[in-house]
1. Restricted to segment 73-87, and to residues that are over 17 Å from Ser121 (Cβ atoms) and under 14 Å from the mean Cα position of the chain (by Cα), which residue is most open to solvent (accessible area, probe 1.4 Å)?
2. Could you check, for segment 5-24, whether at least one of its residues is closer than 18 Å to Val71 by Cβ and β-branched (Val, Ile, Thr)?
3. With Arg57, Arg18, Arg48 as the choices, which residue is farther than 23 Å from Ile93 by Cβ and of a type in the set (Lys, Arg)?
4. For Glu74, are the conditions met, namely being in contact with a Phe, Trp or Tyr (Cβ under 6 Å, 6 or more places away or on another chain) and farther than 22 Å from Met1 by Cβ?
5. Using beta carbons and a limit of 6 Å, which pairs, at least six apart or on different chains, have the first residue in segment 137-153 and in contact (Cβ under 8 Å) with a residue 12 or more places away in the chain and open to solvent by 40 Å² or more (accessible area, probe 1.4 Å) and the second one in a strand (DSSP E or B) and of a type outside the set (D, E, K, R)?
6. Quick one: how many residues across segment 19-71 are closer than 25 Å to Gly144 by Cβ, open to solvent by less than 60 Å² (accessible area, probe 1.4 Å), touching a residue at least 60 places away in the same chain (Cβ under 8 Å) and not in a helix (DSSP H, G or I)?
7. Checking the structure you have, find out if any residue of segment 95-117 is small (Gly, Ala, Ser), in contact with a Phe, Trp or Tyr (Cβ under 9 Å, 6 or more places away or on another chain), in a helix (DSSP H, G or I) and open to solvent by 20 Å² or more (accessible area, probe 1.4 Å).
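The values are calculated or read from the model by the stated rules, or taken from the named source; none is laboratory data. It should be emphasised that the depicted structure is a prediction, and the values quoted were computed from it without experimental measurement. So basically every Cβ, Gly included, is an ideal-geometry build from the backbone, and we count neighbours across all protein chains shown. Keep in mind that these areas ignore ligands, DNA and RNA; they rest on the heavy atoms of the full protein, side chains included. Shrake-Rupley method; radii C 1.70, N 1.55, O 1.52, S 1.80 Å.
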Amino acid sequence: MEIALREVHSSDLPVFFRHLNDPVAARMAAFTPEDPADRDAFDAHWERIRASTAVTRTVLADGDVVGSAAVYGEPGEREVTYWIDRPHWGRGIATAALRALLDTVTERPLYARAAADNTASLRVLEKCGFRAEARATGFAHARGEEIEEVVLSLPGHGA
């Protein structure tokens, strides 16, 4: 299977919207928009992202759109995020996509957050060099409650 990243096209957004509205995937991700079914809010969010300094990429598996990956935030505090469509979980796509994104965005440090019980995402981040550095709590809209999250970092070279 060939995993590739490319610039986000407007035609990818309906696919991302569908991914976001998978209730099983949303529960696993936990930290989703308050109302993931609000298409206007989704479109406004992506308009802001695409106009920002965020590095956004569409994840392709054998040419098919299967997710997204991004680096966003202020320098020195930038975070990675990714979303892989549930039928493609467990196939190494998230790890390959994140590694490709980290090859593209070479600034360090970078940070990531994952629900503490999202062991698959934590494993992806660790395989890509991120290390847990703290725990926090945050309100997870997809679960309707405060949950524990792990804060991870990818230090600069030589750190």
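1. The initial filter retains those residues of segment 73-87 that are over 17 Å from Ser121 (Cβ atoms), namely 73-78.
Filter once more, so that each one left must be under 14 Å from the mean Cα position of the chain (by Cα): 73, 78.
Working: Gly73: 31, Arg78: 13 Å².
Here the residue is Gly73.
2. yes
3. Exactly one residue qualifies, and that residue is Arg48.
4. It is false that Glu74 is in contact with a Phe, Trp or Tyr (Cβ under 6 Å, 6 or more places away or on another chain) and farther than 22 Å from Met1 by Cβ.
5. If the second residue must be in a strand (DSSP E or B) and of a type outside the set (D, E, K, R), the pairs left are Glu148/Thr137.
6. 5
7. no
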